[in-house]
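The values are calculated or read from the model by the stated rules, or taken from the named source; none is laboratory data. In this text, all values refer to a predicted model and were calculated from it rather than measured experimentally. Virtual Cβ from ideal backbone geometry, glycine too; neighbours counted across all protein chains shown.
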Amino acid sequence: MEDIINDTMTIVSISLSDEYTDMLDSIQEAYGLKGRSEAVRASISAAMDGIKDMGALEGTVEGVLIIVRGNHADPWIIQIQAKYQDVIKTQMHSHLKNQKCLEVMVVSCDAKILSLLMNDIRAQNKADYVKFVRG
């Protein structure tokens, strides 16, 4: 991770649930960071790396989209899969522990369509994990 050195830093106040506070503390511990502010900065940097990776994709892309989600009974992912059925070549659904589900989709499409697909998934705010691995 590249540190951004700045003489002054803006103070930002955020509210986190106990679950997110525990996750932030886990990030801090895993990376050996000195405090929660460093953990927030590291998390923002990691998220920006993902955004840059997606922004660098051009033309036709193929790969695997991996999603972990909760609440098996909620049909939101089925609706998204139906919307993008032309680009999803294969899909697999598997039940995990704690009422979670794993969705694996092989996709082949224009990078802009992939970006729309991933934005639709993230906009639902119901996926615990979303990752595209380019083939």
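The one condition from (1) within 30 Å of VAL12 (Cα to Cα); (2) in a helix (DSSP H, G or I); (3) not assigned by TED's automatic domain parsing to the domain that holds ASP22 that ILE113 does not meet is (1).
Can you give me the number of residues within segment 15-29 that are surrounded by fewer than 10 Cβ atoms within 10 Å (Cβ to Cβ) and either assigned to a helix (DSSP H, G or I) or modelled with pLDDT under 90 (or both)?
So the answer is 2.
Residues that are over 30 Å from THR10 (Cβ atoms), touching a residue at least 12 places away in the same chain (Cβ under 8 Å) and charged (D, E, K, R) occur at least once in segment 66-80.
So, of the residues in segment 62-108 that are among the acidic types (Asp, Glu) and assigned to a strand (DSSP E or B), which turns out to be surrounded by the fewest Cβ atoms within 10 Å (Cβ to Cβ)? Applying the filter and picking the extreme gives GLU62. So for segment 44-51 (the condition being more than 24 Å from LEU117 (Cβ to Cβ) and either more than 15 Å from the chain's Cα centre (by Cα) or not assigned by TED's automatic domain parsing to the domain that holds ALA111 (or both)), does at least one residue qualify? Yes: one or more hits.
Hey, can you tell me all the residues within segment 87-122 that are more than 18 Å from GLY135 (Cβ to Cβ) and more than 17 Å from the chain's Cα centre (by Cα)? Please lay out each step first, then the result.
First pass over segment 87-122, keeping only residues more than 18 Å from GLY135 (Cβ to Cβ): 93-102, 116, 119-122.
Once the filter is applied, which keeps residues that are more than 18 Å from GLY135 (Cβ to Cβ) and more than 17 Å from the chain's Cα centre (by Cα), segment 87-122 yields HIS93, SER94, HIS95, LEU96, LYS97, ASN98, GLN99.
For segment 116-135, taking the residues that are part of a loop (DSSP other than H, G, I, E, B) and in contact with a helix residue (DSSP H, G or I) (Cβ under 8 Å, 6 or more places away or on another chain), the one that is farthest from ILE66 (Cα to Cα) is identified as GLN124. Go through segment 51-61 and give me each residue that's small (Gly, Ala, Ser) and exposed (fewer than 10 other Cβ atoms within 10 Å of the Cβ). Passing the criteria: ALA56, GLY59.
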